[in-house]
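These notes concern the structure reproduced below.
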Amino acid sequence: MRGEVSESKPAQARAGAWDMCRLGIRNDFMEIKIRKAEMVISAVARGQYPAEGLPEVAIGGRSNVGKSSLINTLLNRRNFARTSSQPGKTRTINFYRINDAFFLVDLPGYGFAKTSKSEQLKWGRMMEEYLNTRTTLRGVLHLVDIRHRPTQLDVMFYEWIKHAGFHGIVLVTKADKVPRGKRKQRFDEIIEALGMEGDDLLIPCSSATGEGRDEVWEVLAQLCDLA
């Protein structure tokens with residue numbers, strides 16, 4: 001399977017960054033130092049994708065789910081990826097080169113109510129082209145807001161990821177908005193709605209507290225073979 005990160009496959013997906021054995025999370029995992037981060041290109045077609053051959057990990061999800069905030073949290077840079085109060089503003093595939101070693105790829109968000117049908121079709125074609133043709137793509141981080149049950153579009157995007165041959169890696173954003181005692185119910189709802197399986201992974205994240213940052217970096221390190 002593309003983006004292989006684990007050999008063990010429990011029968012049921014488990015929720016929580018505290019259970020990372022399937023990814024081989026190590027207690028001695030050393031944080032990767034960010035020496036260089038740069039925006040390379042905003043692409044709308046395959047011919048505009050970077051041709052450097054570096055491994056890529058894409059970040060996708062519903063509009064306003066927190067993709068830019070996640071990138072900023074991972075890089076410890078407040079305004080590197082610009083956040084917006086206007087959902088659906090990102091209409092391009094944005095390639096961020098990190099340490100000249102790999103790309104974080106910010107995919108355009110879906111599900112914004114004011115998006116026209118023509119824009120929705122354009123988004124669909126853009127996603128299919130990228131997910132199905134990009135040979136350097138190692139994995140896709142699927143962001144879902146903990147406060148809302150996954151929508152039909154969330155389910156469709158997750159199925160696209162799986163159909164393309166990748167593991168399901170779901171980052172549950174804005175985890176700080178729900179008390180820890182009530183999280184399990186939300187996690188179970190997400191697992192059920194998306195149809196997550198034993199080799200899939202769910203990680204609660206928060207840009208406000210930094211929760212999940214180390215676990216996501218370990219995922220990136222394994223997917224992209226980072227030292």
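Bear in mind that the values in this text are calculations on the coordinates, not laboratory data. The shown structure was predicted, so the numbers you read here are calculated from the model rather than taken from an experiment. Note that each Cβ is placed from the backbone with ideal geometry, even for glycine, and that neighbours are counted across all protein chains shown.
For this structure, a couple of remarks:
- Here's the picture: charge each Lys and Arg Cβ at +1 and each Asp and Glu Cβ at -1 in the range 86-209, and of Phe187, Leu121, Gly111 the one pushed furthest to the positive end of that dipole is Gly111.
- Here Arg149 and Trp217 are evaluated by their C-beta separation; at R0 = 30 Å the FRET efficiency comes out at 0.60.
- Since only Ala208, Phe166, Met196 are under comparison, the one whose Cα sits farthest along the positive direction of the charge dipole of the range 165-221, derived from C-beta charges on Lys, Arg, Asp and Glu, is Ala208.
- Unit charges on C-beta of K, R, D, E only; dipole of the range 84-227, Debye: 700 debye
- Mean-position separation - Cα centroids, the range 52-70 and the range 161-227, in angstrom: 13 Å
- Projecting the Cα atoms of Thr133, Ile98, Leu153 onto the dipole axis of the range 89-166, where Lys and Arg carry +1 and Asp and Glu carry -1 at the beta carbon, places Leu153 farthest toward the positive end.
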